[in-house]
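Peer 1: One structure follows; several queries about it will come next.
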Amino acid sequence: IALAFRALDEALYALPLLKGRPDDMSLRSRMQGASVAAGLAISQTHTALAHAISYPFTLIHGIPHGIACSITLPAISQLAVAQETDDVIREKISSSIRRLSELLKEAVVDATIKGLREKKHDGMLISSHRLENFSFSINSSEINKILNESLSGMI
C-alpha cells in the first residue's frame, strides 16, 4: 500500500503542475519516481479491476490504455474506502479520490468520458483474470454501477 500511495501522491502533485510547465525537469523527475513506485506496487499486487474494465474501452472504443484505466479509478477507489477498516488509510484513500477526480475532470479524460456516455457499456466487461486480483469479490452489477458512476461524472 505504501508504494501505491507514494506513486499516487507524487503523480497528483506533479501532473497538474506539468500541464503549465511541461519542460520542468524536476517535475518530470517526480513523475518518473511515481512511475517507478507504481510499477513496484503493481509487481507485488498485479493489475486488477481498473485494468479489467479498461480493456473494452481500449479494444472497442480505441481509448488509450492509461486513460481507459483512469476513467474508473475514483469509483473503484470508493469501493476500497467502503471495505477499509483502518481510519487513517480510509481518509488517505478518500483524500486521494477527491484530488484524482479533480485532476481527471481537468484533463483529457473528462472529454473522453463525455464521448463514452452515449455508447452502450452494460456488460461490456471482457472476462479477465485481473478481476481475481482485486482486494475483494465483485459482481457484474457492481461493475455496471462503477461504469455508470464513472461515465455520468458523479465521482
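Peer 1: Keeping all protein chains in place and using 1.4 angstrom, which order do 24, 86 fall into by accessible surface area, from largest down? Numbers along the way, then the final one.
Peer 2: Values: 24 40, 86 65 Å².
From most accessible down to least: 86, 24.
Peer 1: Once neighbouring chains are kept in place and the probe is 1.4 Å, which whole percent of the accessible area of segment 3-70 is contributed by carbon and sulfur?
Peer 2: Of the solvent-accessible surface of segment 3-70, carbon and sulfur hold 63 percent.
Peer 1: Would you work out if segment 1-64 is rounded, prolate or oblate? Take a ≥ b ≥ c from the square roots of the eigenvalues of the alpha-carbon gyration tensor; rounded if a/c is under 1.5, else prolate when a/b is larger than b/c, oblate otherwise.
Peer 2: oblate
Peer 1: I've got another one for you. Relative to the compact-globule scaling 2.2 N^0.38 Å, provide the ratio for the alpha-carbon radius of gyration of segment 1-114.
Peer 2: Working: Rg = 14.3 Å, N = 114, 2.2 N^0.38 = 13.3 Å.
So segment 1-114 has a normalised radius of gyration of 1.08.
The values are calculated or read from the model by the stated rules, or taken from the named source; none is laboratory data. What you see is a predicted model; the values in this text were computed from it and never measured. Remember, those area values only see protein heavy atoms, side chains included, never the ligands or the DNA or RNA. Shrake-Rupley method; radii C 1.70, N 1.55, O 1.52, S 1.80 Å.
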